[in-house]
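Step one of this worksheet: look at the structure below.
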Amino acid sequence: IWKEICQHFKPLYEVTSFDTWFKTVVPVQLHESTLVLQVPSTLHENYWKAKLLPTVEEHLKETYHHHYQVMLIAEGQQRPFAESTDSSPKKPELINFDHSTHLNPAYNFESFVVGPGNMMAHAAALAVSEEPGTLYNPLYFYGGVGLGKTHLMHAIGHQLLKSNPNAKVKYVSSETFTNDFVNSIKTKQQEEFRKAYRNVDLLLVDDVQFFANKVGTIDEFFYTFSDLYDSKKQIVISSDRMPNEIENLGDRLISRFRWGLVVDITPPDYDTRVEILKKKSLAEGFELPEDALGYLAGQFESNVRELEGGLTRVRAFSQLKDEPITASLVTEALGNLSNEPQTKTENNELKASSILAAVSKYYDVSIADLKGKKRLKRIVVPRQIAMYLMRELTSISLPKIGKEFGGKDHTTVLHACDKIGELIRSDSQLKKEVAELKKNLS
Ligand code: ADP
Ligand code: MG
């Protein structure tokens, strides 16, 4: 249930507020109709009580057609319900596979700024929303984090619903698809699962890189795909990498993906970034002078989400200080993030070399091998960890990190960072090692 809640609310909040209010929460118990959540502080408790409880309870009611109550406890507080010792089998929860309402209203074509890096993707998205199932099927977006893949997918959904309000649109992340599939087997609701996924006009599956190595899910997705494809229903997929770079995706899906159109999205150029900032600030009802816009656009090059984060920070700063937004205010607002330019580069260089040295020593791999091209696993993983640490601990840009590692592409660096990020979540040994390395470095 908690996973489902997170999936539902994640797209509805800014990343930072989602991280603050949801990621810090631990689901501790589900007792009959009471979901017990542990929050880290009274501040969280108050915020939840004031803002989130009613919405979450409402959402649960809609999703599960059942009235769940959410109860909050503080960290360290005892669980309110005795753990049940009886082994009577639990009633399987009725799963609701309907995620159609998960489109974020803010992600539409009107709010999307077109530039050289996303022009193809944008055109294909528009075409597909006008003539689903016929032109480019499937449509496959690939590109780095925060470049607008999810935004475009939602936009396709909105657009199709605009011209055909009866169209059945389903947007899911690949994780939701996986969870639904796994749960459908557990609770013997495969029939419902298939109906929910195959009885649609447009299926949007986001971030399919998370299908990597999940062979059972990949098989099921293949059947879903084929069924939709055969009945000329539109499928749109996104990923941070090319189909053939997703481990164990299987040749038949890879070749199916090639039947359609694969388009990449590359980072926005300067003008596009300025446009995005203008549009975003206008939508939120404030304005920035040209030089402030320019300065801000110059600070964030490879990720629109970070660019938006910068804008939010600048705005908050201006409100706190009760001063108008000027270029110097922007400099000041971002100042805490990036120190003075000169010392910043020096600092980064120093950190980069100490990261290489530390990783080399820890894993007994030479620095030359870390920077080299060898594909041996005992080298690849440390290499990716070193990239990951550079991304985490320094402000060196992705392309420059790539350069550090013998001229690799920034997308390679991104993949490495994502991969390690993923492993940290799933592999406790690796998590320990990275934590230890970080400790040594601080
Ligand atoms: P991705 O799915 O590729 O990681 P998102 O679609 O989540 O990226 O985009 C991250 C943020 O940047 C979103 O808030 C989105 O609205 C915004 N964004 C990305 N590209 C554009 C663009 N071209 N125009 C306007 N906003 C954009
Ligand atoms: Mg996305």
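Below, the figures for the structure above:
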{"item": "Which listed residue, of Phe222, Phe177, Phe211, is touching a residue at least 40 places away in the same chain (Cβ under 8 Å) and either within 25 Å of Ala155 (Cβ to Cβ) or not polar (S, T, N, Q) (or both)", "result": "Phe177"}
{"item": "Given (1) crowded, with 17+ Cβ neighbours inside 10 Å; (2) more than 21 Å from the chain's Cα centre (by Cα), index of the condition Tyr388 fails", "result": "(2)"}
{"item": "Residue check, Ser184 small (Gly, Ala, Ser) and part of a loop (DSSP other than H, G, I, E, B)", "result": "no"}
{"item": "For Gly115: the one exception among (1) touching a strand residue (DSSP E or B) at 6+ places or on another chain (Cβ under 6 Å); (2) among the small types (Gly, Ala, Ser); (3) modelled with pLDDT of 60 or more", "result": "(1)"}
{"item": "Which listed residue, of Leu261, Leu277, Leu293, is in contact with a Phe, Trp or Tyr (Cβ under 9 Å, 6 or more places away or on another chain), surrounded by 16 or more Cβ atoms within 10 Å (Cβ to Cβ) and at pLDDT 90 or above", "result": "Leu261"}
{"item": "Count of segment 294-339 residues which are within 20 Å of the chain's Cα centre (by Cα), assigned to a helix (DSSP H, G or I) and not small (Gly, Ala, Ser)", "result": "7"}
{"item": "Lone unmet requirement of (1) surrounded by fewer than 16 Cβ atoms within 10 Å (Cβ to Cβ); (2) touching a residue at least 24 places away in the same chain (Cβ under 8 Å); (3) not in a helix (DSSP H, G or I) for Gly146", "result": "(1)"}
{"item": "Qualifying residue in segment 270-282 (condition: outside the structural domain of Phe18 (by TED's automatic domain parsing), more than 16 Å from ligand 2 (Cβ to nearest atom) and assigned to a loop (DSSP other than H, G, I, E, B))", "result": "no"}
{"item": "Check on Ser184, surrounded by fewer than 23 Cβ atoms within 10 Å (Cβ to Cβ), away from ligand 2 (no atom under 16 Å from the Cβ), of a type in the set (Gly, Ala, Ser) and assigned by TED's automatic domain parsing to the domain that holds Leu204", "result": "yes"}
{"item": "Condition met for Pro138 (within 17 Å of Gln234 (Cβ to Cβ), free of Cβ contacts under 8 Å to residues at least 12 places away in the same chain and away from ligand 1 (no atom under 16 Å from the Cβ))", "result": "no"}
{"item": "Meets criteria (surrounded by 13 or more Cβ atoms within 10 Å (Cβ to Cβ) and out of contact with any Lys or Arg (no Cβ under 9 Å at 6 or more places or on another chain)) for Leu43", "result": "no"}
{"item": "Any chance Leu43 is of a type outside the set (Phe, Trp, Tyr), under 15 Å from Thr20 (Cβ atoms) and at pLDDT below 85", "result": "yes"}
{"item": "Selection from segment 299-313 of residues that are touching a Phe, Trp or Tyr at 6+ places or on another chain (Cβ under 7 Å) and away from ligand 2 (no atom under 16 Å from the Cβ)", "result": "Gly310"}
{"item": "Selection from segment 194-221 of residues that are closer than 25 Å to Gly421 by Cα, away from ligand 2 (no atom under 16 Å from the Cβ) and not hydrophobic (A, V, I, L, M, F, W, C)", "result": "Asn213, Lys214, Gly216, Thr217"}
{"item": "Selection count where residues are part of a loop (DSSP other than H, G, I, E, B) and not β-branched (Val, Ile, Thr), scope segment 370-413", "result": "12"}
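A quick yes/no check of all residues on (1) touching a His at 6+ places or on another chain (Cβ under 9 Å); (2) within 12 Å of ligand 1 (Cβ to nearest atom); (3) in a helix (DSSP H, G or I):
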site	(1), (2), (3)
Thr150	no, yes, yes
Lys170	yes, no, no
Asn179	no, no, yes
Glu192	no, no, yes
Tyr197	no, no, yes
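The values are calculated or read from the model by the stated rules, or taken from the named source; none is laboratory data. What you see is a predicted model; the values in this text were computed from it and never measured. A quick note on method: Cβ atoms are made from the backbone with ideal geometry, for glycine too, and the neighbour counts reach across all protein chains shown.
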